[in-house]
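Chemist: A single structure is presented below for examination.
The values are calculated or read from the model by the stated rules, or taken from the named source; none is laboratory data. Quick caveat, the model's predicted, so the values are computed rather than measured. A quick note on method: Cβ atoms are made from the backbone with ideal geometry, for glycine too, and the neighbour counts reach across all protein chains shown.
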Amino acid sequence: MLIALLVPLALAVLLFGFILVRSAIARRALPNIEAIFVGVVVNFFDTLGIGSFAPTTAWLKFRRLVPDRLIPPTMLVGLTPPSMTEAIIFLILLGVLVDPTLLVGCVIALLLGGLLGAPLVARARVWIVQLVVAIALVLAAVAYTMTNLHLFPGGGTAGSLPLTLTVAAIVANFVFGILLNFGVGNFAPSLVMFSLMGMDPRLAFPIMAGGAAITGAGASMRHIQIGQIDLRIVLGLAIGGIPAVLVAALIVKSMPLEILRWLVIVVVLYAAAVMFRAAFLGRREHRPEGATAVVLD
C-alpha cells in the first residue's frame, strides 16, 4: 500500500514539475530572489515542526509581494515541491507503521477537497479570501501558542483507528483539502485531530505530508491552469524550499524552536489584523483590493 502511494506521488512530482516549468518558460518568469530566501526559511522550519503556510502568508502580506487574492494560490503552488520532498521522506521512514486504509483514505479525501477548492478560491470575492486567510492566521497563532505552552493533546500510541474514527478522519481531510486553497495549512488541525483520536502524533506526519503533497500537486495544476498566481514567487519558494527540507530532515532533524515560534506568533497576528482590516474595508466598499496590481502569472 505504501508503494501504491509512492508511485502516484512520483508521477505527480514529474507531471507537476513539467507543467510548472513549461508555464514558467511560456511566461518567461524568473524566480523572485526574496522568495527564494523565504522558501529556505519557512520550509526548513516547517520540516522541524513550525509550519510554512502561516509565516509565508504573513511575509507575503507584510512585504506586499503579491495582491491579497493571489496569496493563497501562489503560496500553495510554491510550497508544493518542498511538501513533496517532505512526503517522500516521511512516507519512507514512517508510512509503513500507519494503517493503510487510514493513510490512503485521508490522502484521497484531501486530494478531492483540494481539487474542489481550487476553482472556489479563484471565484471568491477578494474580501472573502482576505477574511478566510485572516481567520487561518489567527488559528495558526493559537496553535503555535498552545504548542509553546504544551497544551496540545499528547496523543497515544496507535497506528490505526476504529472504523467510525477512520471515517471521521477521512471526512475531516476532505474539508482540510478545500481549506488548503485558502491558505489554511492541514498540518496543525490534522495533528490535533489525530492526537485526540489516540494516534501516535509521529504517525500523523506521513498522512499529513503525503496528503499535502498529492493534493498540492492536483490543486496547483488547477491554479496554474486558471492563471491567478505569481509565478515569480512560486519559483522562488520552490527553489529555496526543496534543499531546505532535505537539510532539515536528513541533517539537522531537531533544534530548539520555542523562541522562534513566539516571534512567528507576533508576525502572524500582525498580518491577521491587517487582513481583517482589508476584508472589512473591501466588504464595506464592495470593490476588490489590489485588483489593479501587476501580476506575472
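Chemist: Could you pull out the residue among Leu97, Leu112, Leu91, Leu103 that is modelled with pLDDT of 85 or more and either in contact with a Ser or Thr (Cβ under 6 Å, 6 or more places away or on another chain) or more than 17 Å from Phe205 (Cα to Cα) (or both)? Full working, then the answer.
Modeler: Values: Leu97 fails: either in contact with a Ser or Thr (Cβ under 6 Å, 6 or more places away or on another chain) or more than 17 Å from Phe205 (Cα to Cα) (or both); Leu91 fails: either in contact with a Ser or Thr (Cβ under 6 Å, 6 or more places away or on another chain) or more than 17 Å from Phe205 (Cα to Cα) (or both); Leu103 fails: either in contact with a Ser or Thr (Cβ under 6 Å, 6 or more places away or on another chain) or more than 17 Å from Phe205 (Cα to Cα) (or both).
Answer to the selection: Leu112.
Chemist: Cβ-Cβ below 7 Å, separation at least six or inter-chain, first residue in region 198-213 and modelled with pLDDT under 90, second of a type in the set (Asp, Glu): which pairs?
Modeler: The qualifying pairs are Ala209/Glu86.
Chemist: Ok, one more. Applying the selection to region 61-91, what residues are surrounded by 24 or more Cβ atoms within 10 Å (Cβ to Cβ) and not in a helix (DSSP H, G or I)?
Modeler: The one that is surrounded by 24 or more Cβ atoms within 10 Å (Cβ to Cβ) and not in a helix (DSSP H, G or I): Val66.
The rows are residues; the columns are (1) without any contact (Cβ under 8 Å) to a residue 40 or more places away in the chain; (2) closer than 18 Å to Leu110 by Cα.
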| position | (1), (2) |
| --- | --- |
| His150 | yes, no |
| Pro162 | yes, no |
| Leu165 | yes, yes |
| Val175 | no, yes |
| Phe187 | no, yes |
| Leu191 | yes, yes |
| Ser220 | no, yes |
| Asp230 | no, no |
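Chemist: Could I ask something else about it? Between a first residue in region 48-67 that is within 18 Å of Asn148 (Cβ to Cβ) and a second residue that is assigned to a helix (DSSP H, G or I) and among the small types (Gly, Ala, Ser), which pairs have beta carbons less than 6 Å apart while being 6 or more apart in sequence or on different chains?
Modeler: Sorted first by the residue in region 48-67, then by its partner, the pairs are Leu48/Ala248; Ala54/Ala140; Ala58/Ala271.
Chemist: Let me ask something additional. (1) modelled with pLDDT under 85; (2) over 26 Å from Ile71 (Cβ atoms); (3) β-branched (Val, Ile, Thr); (4) under 17 Å from the mean Cα position of the chain (by Cα): which one isn't true of Thr157, the others all being true?
Modeler: (4)
Chemist: Take the residues in region 19-32 that are under 21 Å from the mean Cα position of the chain (by Cα) and of a type in the set (A, V, I, L, M, F, W, C), then tell me which one is surrounded by the most Cβ atoms within 10 Å (Cβ to Cβ). Even if it seems obvious, please write down each step before you answer.
Modeler: Initial filter on region 19-32 (under 21 Å from the mean Cα position of the chain (by Cα)): 19-21, 31-32.
Narrowing the set further to residues that are of a type in the set (A, V, I, L, M, F, W, C) leaves 19-21.
Details: Ile19: 15, Leu20: 23, Val21: 11.
The extreme case among them is Leu20.
Chemist: Only one of (1) closer than 28 Å to Met146 by Cα; (2) in a helix (DSSP H, G or I); (3) under 15 Å from the mean Cα position of the chain (by Cα) is not met by Ala219, so which one is it?
Modeler: (1)
Chemist: Name every residue in region 7-58 that is outside any loop (DSSP other than H, G, I, E, B), under 18 Å from Ser190 (Cβ atoms) and of a type in the set (A, V, I, L, M), in order of residue number.
Modeler: Across region 7-58, the qualifying residues are Leu9, Ala54.
Residue-wise test of (1) within 18 Å of Arg123 (Cα to Cα); (2) in contact with an Asp or Glu (Cβ under 6 Å, 6 or more places away or on another chain); (3) modelled with pLDDT under 80.
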residue: Gly227; (1), (2), (3): yes, yes, no
residue: Pro243; (1), (2), (3): no, no, no
residue: Leu250; (1), (2), (3): no, no, no
residue: Ile265; (1), (2), (3): no, no, no
residue: Pro288; (1), (2), (3): yes, no, yes
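Chemist: Follow-up. Select from region 249-265 the residues that are part of a helix (DSSP H, G or I) and without any contact (Cβ under 8 Å) to a residue 40 or more places away in the chain and list them in ascending order. Show your work before the answer.
Modeler: The first filter runs over region 249-265 and keeps only residues part of a helix (DSSP H, G or I), leaving 249-252, 258-265.
Within region 249-265, Ile251, Ile259, Leu263 meet the criteria.
Chemist: Just to check your reading of the model, which residue among Ile214, Ile229, Ile224 is crowded, with 17+ Cβ neighbours inside 10 Å, touching a Leu at 6+ places or on another chain (Cβ under 7 Å) and not in a helix (DSSP H, G or I)?
Modeler: Working: Ile214 fails: not in a helix (DSSP H, G or I); Ile224 fails: not in a helix (DSSP H, G or I).
Exactly one residue qualifies, and that residue is Ile229.
Chemist: Being surrounded by 12 or more Cβ atoms within 10 Å (Cβ to Cβ) and aliphatic (A, V, I, L, M) is the filter; apply it to region 253-262 and report the residue that is modelled with the lowest pLDDT.
Modeler: Leu257
Chemist: More than 26 Å from Leu76 (Cα to Cα) and surrounded by fewer than 19 Cβ atoms within 10 Å (Cβ to Cβ): is that true of Thr145 in this structure? Spell out how you get there, then give the answer.
Modeler: Details: more than 26 Å from Leu76 (Cα to Cα): no; surrounded by fewer than 19 Cβ atoms within 10 Å (Cβ to Cβ): yes.
Judged against the criteria, Thr145 is not a match.
Chemist: Here is a list of conditions, (1) surrounded by fewer than 23 Cβ atoms within 10 Å (Cβ to Cβ); (2) of a type outside the set (A, V, I, L, M, F, W, C); (3) modelled with pLDDT under 90, and Pro162 meets all of them except one; can you say which number that is?
Modeler: Result: Pro162 fails condition (3) only.
For (1) more than 14 Å from Ala272 (Cβ to Cβ); (2) modelled with pLDDT under 90; (3) not basic (Lys, Arg), each residue gets a yes or a no:
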site	(1), (2), (3)
Asn43	yes, no, yes
Asp46	yes, yes, yes
Phe53	no, yes, yes
Arg63	yes, no, no
Val66	yes, no, yes
Ile71	no, no, yes
Thr74	yes, no, yes
Val77	yes, no, yes
Pro82	yes, no, yes
